Amino acid sequence: MIALACDHAALDMKKDIIEMLNEMGLEYKDFGTYEQSSCDYPIYGARAARAVASGECDRGIVICGTGIGMSLVANKVPGIRCVVCSEPYSAQLSRMHNDSNMLAFGARVIGSGTARMITKIWLETPFEGGRHQRRVDMITGVEGGIYPE
Ligand code: RB5
């Protein structure tokens, strides 16, 4: 189950991503916004991030004008590793090395073709584990105040 959220700047791009998830046969839960009217992205980004952190959703995709606001909000939720990507290489490596569980991008930064490419590779790439697991655990340790000692 993929958690989705956007603000007014990214409603059309979210629809595009929903179309793609449908084509891929993946389930999603849309946490809003559902309207073109101006809104506050933290409301929707936080809802999607909490759904991922709680396990209700496996991963999340959040979209705003730049992807930055959404990623900042998502990363405030413990357990979330949200990456802003404007190209597929970083999206792929964020899965392989960082076990990113949320993806953000900017509807005013990239076009729909690039957004689709980024989303597809991010959804399909597994975490490599191994030495990268140790580093991800260290990130979690920083979050919990136990690392560095
Ligand atoms: C909305 O104007 C814009 O600030 C928002 O979509 C996002 O880019 C914030 O980071």
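Structure values in brief
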{"quantity": "In the range 110-140, residue nearest to the chain's Cα centre (by Cα) [restricted to those that are assigned to a loop (DSSP other than H, G, I, E, B) and exposed (fewer than 15 other Cβ atoms within 10 Å of the Cβ)]", "calculated": "PRO126"}
{"quantity": "Meets criteria (in contact with a Gly (Cβ under 7 Å, 6 or more places away or on another chain) and touching a residue at least 12 places away in the same chain (Cβ under 8 Å)) for PHE105", "calculated": "yes"}
{"quantity": "Residue satisfying condition, being more than 16 Å from the ligand (Cβ to nearest atom), in contact (Cβ under 8 Å) with a residue 24 or more places away in the chain, out of contact with any Ser or Thr (no Cβ under 7 Å at 6 or more places or on another chain) and under 21 Å from ASP16 (Cβ atoms), within set SER71, SER37, SER112", "calculated": "SER112"}
{"quantity": "Enumeration of residues in the range 74-109 that are open to solvent by less than 30 Å² (accessible area, probe 1.4 Å), away from the ligand (no atom under 16 Å from the Cβ) and assigned to a loop (DSSP other than H, G, I, E, B)", "calculated": "VAL77, ILE80, SER100, ASN101"}
{"quantity": "Test: residue in the range 45-55 that is touching a residue at least 40 places away in the same chain (Cβ under 8 Å), crowded, with 16+ Cβ neighbours inside 10 Å and either within 14 Å of the ligand (Cβ to nearest atom) or over 28 Å from GLU143 (Cβ atoms) (or both)", "calculated": "yes"}
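The values are calculated or read from the model by the stated rules, or taken from the named source; none is laboratory data. Just so it is clear, the structure is predicted and the values come from calculations on it, not from any experiment. Positions of Cβ are backbone-derived with ideal geometry, glycine not excepted, and every protein chain shown enters the neighbour counts. We work out accessible area using only protein heavy atoms, side chains counted, and drop any ligands, DNA or RNA first. Shrake-Rupley method; radii C 1.70, N 1.55, O 1.52, S 1.80 Å.
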